[in-house]
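Just below is one structure, and these are the notes that go with it.
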Amino acid sequence: MKGGLITKKVLKRMLLSFLFITIVGASIAYAAETSAAGMATGLKAVGAGLALLGGTVGAGYALGVTGAAGIAVISEKPEEFGRVLLFIGIAETPAIYGIAMAIVILFAI
């Protein structure tokens with residue numbers, strides 16, 4: 001198997017999606033703090049939406065790649081199911097971070 005379950009390309013995209021979530025969420029939250037009260041509510045909604053978008057797109061791509069590789073591994077070696085499940089769980093984390101950022105943007109700021 002070439003490069004294992006998580007290749008450099010997949011890891012790079014996962015890190016970029018996390019960086020995207022962090023930067024966009026922080027910049028929109030900062031803009032909401034420095035603007036008028038009416039505009040702040042709209043910017044919070046936009047920021048939360050972008051955080052969810054980045055997280056779900058990143059997680060969807062990562063799950064597609066790791067899921068396909070995981071199915072191939074399990075079909076050849078069924079005893080590797082636990083390791084494959086771990087990698088699929090790791091691929092889901094950008095969506096969880098996106099939800100957490102959306103909640104922070106909407107309620108904590």
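The values are calculated or read from the model by the stated rules, or taken from the named source; none is laboratory data. Please read all numbers here as calculations on a predicted model, not as lab measurements. Cβ: placed from backbone, ideal geometry, glycine included. Neighbour counts: every protein chain shown.
For the condition surrounded by fewer than 16 Cβ atoms within 10 Å (Cβ to Cβ) and modelled with pLDDT under 90, Phe107 qualifies. From Ala108, Ala69, Ala40, Ala48, which residue is farther than 29 Å from Ser27 by Cβ and not β-branched (Val, Ile, Thr)? The conditions single out Ala69. Looking at region 28-55 only, could you name the residues that are surrounded by 15 or more Cβ atoms within 10 Å (Cβ to Cβ) and at pLDDT below 75? Answer for region 28-55, where residues must be surrounded by 15 or more Cβ atoms within 10 Å (Cβ to Cβ) and at pLDDT below 75: Ile28, Ala29, Ala31, Ala32, Ala40.
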